[in-house]
Structures are given as structure tokens and as C-alpha cells.
1. State all residues of region 238-263 that are of a type in the set (Gly, Ala, Ser) and either in contact with a Phe, Trp or Tyr (Cβ under 8 Å, 6 or more places away or on another chain) or part of a strand (DSSP E or B) (or both); if no residue qualifies, say none.
2. Residues that are within 16 Å of the chain's Cα centre (by Cα): list the strands (runs of 3 or more DSSP E) wholly contained in region 137-237 that include at least 3 such residues.
3. Could you tell me how many of the residues in region 282-335 are among the small types (Gly, Ala, Ser) and within 30 Å of the chain's Cα centre (by Cα)?
4. Kindly indicate whether any position in region 285-307 is modelled with pLDDT of 90 or more and either within 16 Å of Pro239 (Cα to Cα) or charged (D, E, K, R) (or both).
5. Would you confirm whether any residue within region 266-281 is part of a loop (DSSP other than H, G, I, E, B), β-branched (Val, Ile, Thr) and either at pLDDT 95 or above or in contact with a Ser or Thr (Cβ under 9 Å, 6 or more places away or on another chain) (or both)?
6. Is it true that some residue in region 297-310 is small (Gly, Ala, Ser) and either loosely packed, with under 11 Cβ neighbours inside 10 Å or under 22 Å from Thr210 (Cα atoms) (or both)?
7. Quick check on region 282-296. Is at least one of its residues under 25 Å from Asp204 (Cβ atoms) and either touching a helix residue (DSSP H, G or I) at 6+ places or on another chain (Cβ under 8 Å) or assigned by TED's automatic domain parsing to the domain that holds Val193 (or both)?
Amino acid sequence: MALAAGVNARHEAEPQGLKPTAEIRSGAARLEVVPFPKPAVGLFAKPTAWHRAAANFSVKAALSSVFLALFTVPFAAAAATGNGDRVAVPLSDPARPAFVKAHLLNGSIVVKGYEGKEVVVEARARAGEDSDRESAGGMHRIPINSTGLEVEEENNRVNVGAASTQRAIDLTISVPVHTSLSLHTVNDGDISVSNVDGELDVNDVNGSVTLTGVSGTAVAHALNGKVLVTFNRINATKPMAFSSLNGDIDVTFPADLKANLIISSDRGDVFSDFDVAMAARAPQQVAQDGRGSDGSYHVKIDKTVRGTINGGGPEIQFRNFNGNIYIRKAGVKAQ
């Protein structure tokens, strides 16, 4: 007898504005078993042991082929998605700008603006350095690939988190272009944002911050990494700030920028191809007199320098300790 099984599976995940990510097909599984002789009639009508064994084999083979045909494709689909999780969240009012908050303890965050109406979150658990290690007795390590992804939306505010404190989780988030962001991470990852227009609050303790082709306003801090920002357009009514302890700060603004600059750098230099008019006033002094209560008299002189670009505008702060500060004008080629 012959048994043939064919299964085709197609996985489609296509939010508005995104293309399908995978298509999986599995061909037919075919098994052929040679029929066994029919038992004789009369005195020898009862099947022999050989007949019973052949019958058992044919039934088991048929069941095995069905099992393989049914379960091979689902397992293949799971392998195609790897150890990642994916959630598409519709906004309460797609006509209004969104706000997305994503805070991690360990891992990286990548945010990309796109012409869509959903917030699409993909999370992937990062393999450890000893992922190929074998334990005692030759046993293989069983990977833990769960991300514990959590996403909540209410009134166009989307909160993204991962219930993992020891394992690094890498997030990739696709958002509508007009979205404000609050992105924080501590260890084992950088933060990257591109093609987003809104108010951006970005903080990375042990990684770098990169904002590419963004518009609106930004407050960007990288304690132990660099800050690299390129603006397409800025909001001319709101202040901004960029800071780092142990990395360079490099920000490119539109050529028509109007701003009041406040700059502080302990062990680095400051460069700009804008015409910066430095303030001529004396440094500010702050005095604290505590002698009336058996205290001391303390005077502190502000170490920041101040200047204006194109006559002045909203306040933009640059603060650094170990690194340089670059304030660039868009369209000016490096010498």
C-alpha cells in the first residue's frame, strides 16, 4: 500500500506599510510499504507471526508518516521566527501623534519611523557568550530564548518592556513618523532612532546614542558612549540638551538654526562651523552664606560658556567631561 501526505504552510505578518517577513513551504512526504501475502484458508487461516509483524510495521509506518507531515511544517515555522517575539499594536486614534516609552535594564533599542498606523514591536533574546558550552557528562545546553515582552497601549501612549533582568533583550520598534519617544537602557546595548518627528528623550548609561534624520526636539544623554545626532528639522520654540561623560557629542543642525548655546567641557574641545557669537558678559557667580548658622560662606563661578547662533533662539545645552563637542551646520562638507 502507499501513503502520501503533502502540507503547505504560509506565514504572513504584514502590518500596514510593512512587507511580509517569511514564506515557508514543505513538500510532500511519501512512504511505500510492500503488501504482505494473504494467509491461506482452512487449517492455516490464522496469520503467522510474520504476518502479524508485517501488519504492525505497516500501521506504525503509516502513523509515523502522518505525524511527520503534520508537525514538520509548524516546527519549521517556529525555527524561521527564531527566538523572537512580535507584537503589532493599533493606536486608539491613528490621526493623532503617538508616544512610545521603552525602558530596558539590559539590551539595545532600535526605533524606525514608517508610514503606518500601528506600533510594531519585535523583541529578541540575545544568546549568551557561553551558549555553545556543554555541561558535565556531555549534555547539551538548552537555550532559554523567551523575551518576556510586554506592550500596553492606552490613548495613543504605548509602554514597552521586557520581563528579563539578567538576559539582554534587543528591541526593534516601528512607529508612525509623528511619534514622541522615551527610550532608556542601562547595559549591553546602544539606542538608535531614525526618521521620527517628535519630542525625543533618549538615555543610555553604557552605550551610544544615535539619532539619524530626526525632527522636533531631543534630550540625549550617553554616560559612557558617544552622542551622534542629525536633524532634518527642529522645533524652534523648545530647548534641547546633549550630554556625555566619556564620549564625543556630535550634532548636525539645519543651516537656519537660531539658538542660545550653553557649553561645558572639562577635558575636551568644542568645534563648530556655525558663526557663534560668544557672550561678552562676566561669568555668573553664585554665593551661599551660611555663616549665620555656624556654616561657611561659599562662592561658585559658573564654568559654562555661552553664545548665540543667528541672533539667538531657544536654549541648547552641551555638557561633556571626557570628549569633544561638535556643533555642525547641515550641508557643510568636512575640510
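The values are calculated or read from the model by the stated rules, or taken from the named source; none is laboratory data. Owing to the predicted nature of the structure, the values given are computational and were not obtained by experimental measurement. Here the Cβ positions follow ideal geometry from the backbone for every residue, glycine too, while neighbour counts run over all protein chains shown.
1. Passing the criteria: Ala241, Ser243, Ser244, Ala259.
2. Where strands (runs of 3 or more DSSP E) fall fully within region 137-237 and carry at least 3 residues being within 16 Å of the chain's Cα centre (by Cα), they are 149-154, 157-162, 169-176, 179-185, 191-194, 197-204, 209-222.
3. Residues that pass the stated criteria total 3.
4. yes
5. no
6. no
7. No, region 282-296 has no match at all.
Results for (1) out of contact with any strand residue (DSSP E or B) (no Cβ under 6 Å at 6 or more places or on another chain); (2) on the phi > 0 side of the Ramachandran plot; (3) without any contact (Cβ under 8 Å) to a residue 12 or more places away in the chain, shown as yes or no for each residue.
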position: Ala236; (1), (2), (3): yes, no, no
position: Ala241; (1), (2), (3): no, no, no
position: Thr252; (1), (2), (3): no, no, no
position: Leu261; (1), (2), (3): no, no, no
position: Ala279; (1), (2), (3): no, no, no
position: Tyr297; (1), (2), (3): no, no, yes
position: Asp302; (1), (2), (3): yes, no, no
position: Val305; (1), (2), (3): no, no, no
